[in-house]
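Have a look at the structure below before the remarks.
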Amino acid sequence: QPKFDHDGCIQGAEALIRWQHPTLGLLPPGRFISLAEDSGLIIPLGIWVIRAVCRQLRRWSEAGMQDVNIAINLASSHFLDPGLLPLLDKETRANGIHPRQIELELTESMVMEDSDLVRSTLAHIHERGFLLSIDDFGTGYSSLTYLRSLPIDTLKIDQSFVRDMLEDKDDMGIVESIVRLGSAFSCSVIAEGTESMEHGAALLRLGCQMAQGYGIARPMPAMQMEAWVRQWHAQAPWKQI
C-alpha cells in the first residue's frame, strides 16, 4: 500500500502479506498469523518477507522508482532473533539497496518492555542505517520514555483516530497532539486510515508528513504498483484539493 507525503508524492509503501489459499481464496493476515506463530513458522515467514521486499526494491530501482522505502511488520520474536541483522545486511547488499529503504515497524508492547536486550537490538539495527517506526501509535500503553531513549524514526497514527477526525473533535485533537509530539522528538509522522482527499488535506494542515489509506490507494500487488504510480503522478489528484 503506497505512502504519500504532503506534496502528493509517493515516498514508499507498506508490505502487507496475504495468503492465496488454494480453496479459501485470498486470506488476510488475521486468518493465518496466529497459526504461523503457533507452528513456529513466524520467523521463517518474516525472513521470506524481508527477501521479497529487498528484491522488489531492486526491481523498482531498475524501473526508475528510486529512493522509495518499504515498511515491514515483523513479529516481536523476530526482532530479538540474532539472525535478523545479518539477514538485513546480506539482503540489502545483495540487492544493491540502501538500508534506509527498509523501515521496520514495531509494536508499542515491544518497546514498552524496556529491556536491555530490546534497547541493544534496536540500537544495532538503527546504527546500520535501517529505519524504525512505532505502529498503531496511541492505542497501547504509551510512554514518552521510549521516545526519548530509543532510536525511533517514525510514529504511525492509528487509523482509529484518523478515520473520524473530520467529525470528531476529540480524534482531531489526538491526531494533532501526536503530530506535535513527533515534531518534538524529531520523528516523522504518518497517518494510517486516510479515507479521503479531505482527510489528506486536513492532515497536511496539521503538519503530518505522510498519509496512507484506502481513500488514496488501496493495497495492490507489487507488480501493479509501478503502473499505478505513473498514473497517479499523471493525474495529480492531490493537487486538486
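How big is the Rg/Rh ratio for the stretch 1-94, C-alpha atoms only, Rh by Kirkwood, two decimals?
Rounded to two decimals, Rg over Rh is 1.01.
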Mean separation of Cα pairs under 8 Å and 6+ residues apart, divided by the residue count of the chain: what relative contact order is that in percent? 19
Would you grab the residues whose amide H sits under 5 Å from the one on residue 12? Only those 5+ places off in sequence or on another chain, please, with H modelled 1.01 Å from N. 3, 69
Let's see if you can work this out: charge +1 on each Lys and Arg Cβ, -1 on each Asp and Glu Cβ, no other charges. What is the dipole magnitude of the chain about its Cα centre, in debye to the nearest 20? 880
Distance in nm between residue 38 and residue 87 label points, each 7 Å along Cα→Cβ, equals 2.2
Just one of (i) 8, 33, 38, 18, 3, 0; (ii) 7, 31, 37, 22, 3; (iii) 7, 26, 30, 25, 11, 1, 0 is P(r) over Cα pairs in 10 Å bins from 0, in percent as worked out from the coordinates here. Which one is it? (ii)
For the stretch 1-69, what is the charge dipole size about the Cα centre, in debye to the nearest 20, if Lys and Arg each add +1 at the Cβ and Asp and Glu each add -1 at the Cβ? 280
Would you mind pulling out the separation of the Cα centroids of the stretch 168-202 and the stretch 1-27, in Å? 21
Relative to the present Cα-Cα distance, how much length would full extension add between residue 48 and residue 62 at 0.36 nm per residue of separation? 2.9 nm
May I ask for the Kirkwood hydrodynamic radius of the stretch 107-189, worked out over all distinct Cα pairs and given in angstroms to one decimal? 13.3
Projected onto the charge dipole of the chain (unit charges on the beta-carbon of Lys, Arg, Asp and Glu, signs +1, +1, -1, -1), the Cα from 157, 106, 24 with the largest positive-side position is that of 24
Length-normalised contact order for the stretch 18-88 - Cα pairs under 8 Å, 6+ apart - percent: 24
Report, by chain and number, residues whose modeled amide H sits under 5 Å from the one on residue 195, excluding near sequence neighbours (fewer than 5 apart, same chain). 215
Non-local amide H neighbours of residue 132 (under 5 Å, H modeled in plane, Pro and chain starts lacking H): which ones? 104, 153, 154
Set the Förster distance to 35 Å, then compute FRET efficiency between residue 24 and residue 167 from the Cβ-Cβ distance, nearest 0.05. 0.45
Please sort through the DSSP H helices of the chain and keep those with an alpha-carbon extent of at least 18 Å along the long axis and a Kyte-Doolittle average not below 0.0. 42-62, 169-184
Assigning unit charges at the beta carbon (Lys, Arg +1; Asp, Glu -1) and nothing else, what dipole magnitude in debye, to the nearest 20, does the stretch 106-189 show about its Cα centre? 360
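We did not get these values from a lab; they are worked out from the coordinates using the rules stated. The structure displayed is predicted, hence computed values, not measured ones. In this analysis, Cβ positions are derived from the backbone assuming ideal geometry, glycine residues included, and neighbour counts consider all displayed protein chains.
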